[in-house]
Amino acid sequence: RENRLRTLFAQKTMALSGWVSMGNSLLAEVVANSGYDAVTVDLQHGLFSVESAVPMLQAISTTGAVPLVRCSENGLGEINKLLDAGAYGVICPLINTAEDAERFVRACHYSPRGGRSYGPARGFMYGGSDYFTHANRAILTLAMIETNQGFANAEAILRVSDLDGIFIGPADLNIEMGLAPDAYDAPQLNDAIRSLVALARQLGKYVGIFAGTMDMAQRMKEFGMDLVAPGTDIQQIKAEAARRIAALR
Ligand code: 3PY
Ligand code: MG
C-alpha cells in the first residue's frame, strides 16, 4: 500500500502524529483511533523494545493512521526488525553527520540503495503482497536533528539521497545550546527551527518536529512544518488530568 503521509506532504497539508511511549497495544490502538494521520511508536525513550512494539504496530494498523517508529539508535538490527514488523516510516535519533544519515538510509532500503536484509514477516500483511517492489519507495526516512553537530551539518544531512527529510528534537537541541530542555519559546531555538525549515524547503525535503506544548505546536504550524507530534501519551494524560482536577477542586 501507499504511504498516506507522502500524499499529505505533497498536498502541503500539515500531518499530525500521535506519540506512544508506553509499551501497550491497547494504548496504541486508542491513540490511533483519535484521528491522527500517523502514530509514532517511540523505542528510544519508551521503556520497551521490539517485542512490545509489534502488537502496538498491529493495533495502529487497524486504523488509517500510518505506523511510524522512532528507533532507539542508528542500527541495522533494530531498524530491520521494526520495518519487518510493518513500520512504514522511521525517525532516527541523534543524526550528526551525512555519514550517519547515509547509514540510516541504507538500513531502511533494500539493495542496491541499501543493505536491508529480506524477511518482511509482517511487512507483507501491512504493505501487501507486492511489499518488496514498493517498500523502498513507501517507507519514510526522517533523520533527527537535535545536536549542535547535527544542526551544523543539516545541509549535508538533507542532501543525502533518498533521505526523505528531518525531524527536529527541540529538547535535545535546547540542551546542546545551553538552554533548559523545555525552553520551547527560546528565540535561539525558534531561530534554529526556522532555518531548518527553510533549508529543508530549499532542498525539497520534508521537515517534522516534536512539540512539547500546544503553544509550540501552533507556532510550528505557522512555521510550515510537514509533520508535528503534539506531545507524548504521558504528557497528554498528565495535562488532561491536571485540567480536570483543577476544574473540580
Ligand atoms: C527531543 O526533543 O529531543 C526529542 O527527541 C523529541 O522527542
Ligand atoms: Mg531527543
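Some values worked out for this structure:
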item: Amide proton proximity set for Ala15, modelled H, under 5 Å, gap of 5+; result: Leu227, Val228
item: Neighbourhood net charge (15 Å Cβ-Cβ; Lys/Arg +1, Asp/Glu -1) for Val50; result: -2
item: Karplus-derived HN-Hα couplings along the range 113-128 (A = 6.51, B = -1.76, C = 1.60, θ = phi - 60°), whole Hz, x at Gly and Pro; result: 5, x, x, 5, 8, 8, x, x, 2, 9, x, 4, 5, 7, x, x
item: For the chain, the longest site-free run once GluC sites (Glu not before Pro) in DSSP loop states with at most 13 other Cβ atoms within 10 Å are removed; result: 74-249
item: Amide hydrogen neighbours beyond the local backbone of Gly231, cut-off 5 Å, H modeled; result: Ala211
item: Residue-count net charge about Ile91 - beta-carbon cut-off 9 Å; Lys, Arg +1, Asp, Glu -1; result: 0
item: Exposure proxy order (Cβ contacts within 10 Å, fewest to most) of Ser117, Ser21; result: Ser117, Ser21
item: For the range 171-187, 3J(HN,Hα) per residue [Karplus equation, 6.51 cos²θ - 1.76 cosθ + 1.60, θ = phi - 60°, Hz, x = Gly/Pro]; result: 5, 5, 5, 4, 4, 5, 8, x, 9, 5, x, 9, 7, 6, 8, 4, x
item: Amide H contacts of Ile145 (H built 1.01 Å from N, under 5 Å, at least 5 apart or other chain); result: Phe167, Ile168, Gly169
item: Candidate aspartates and glutamates for bridging to Lys12, where Cα separation is under 12 Å - those fewer than 8 sequence places away on the same chain excluded; result: Asp226
item: Under 30 Å from Lys238, Cα to Cα: lysines that are on another chain or at least 8 residues apart; result: Lys221
item: Whole-Hz couplings from phi, Karplus 6.51/-1.76/1.60, listed for the range 64-71; x for Gly and Pro; result: x, 5, 6, x, 10, 10, 9, 6
item: Projected-area mean, the range 140-223, by convex hull of Cα positions, square nanometres; result: 4.9 nm²
item: Proxy reagent accessibility, fewest Cβ within 10 Å first, across Ile237, Ile166, Ile193; result: Ile237, Ile193, Ile166
item: Shape of the range 184-249, Cα gyration tensor, a/c cut at 1.5; result: prolate
item: Gyration tensor over alpha-carbon atoms, the chain, equivalent ellipsoid semi-axes in Å; result: 26, 23, 16
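Coordinate-derived values only; no laboratory data. Everything numeric in this text was worked out from a predicted model, so none of it was measured. Don't worry about glycine lacking a Cβ; one is built from the backbone with ideal geometry, like all the others, and counts go over all protein chains shown.
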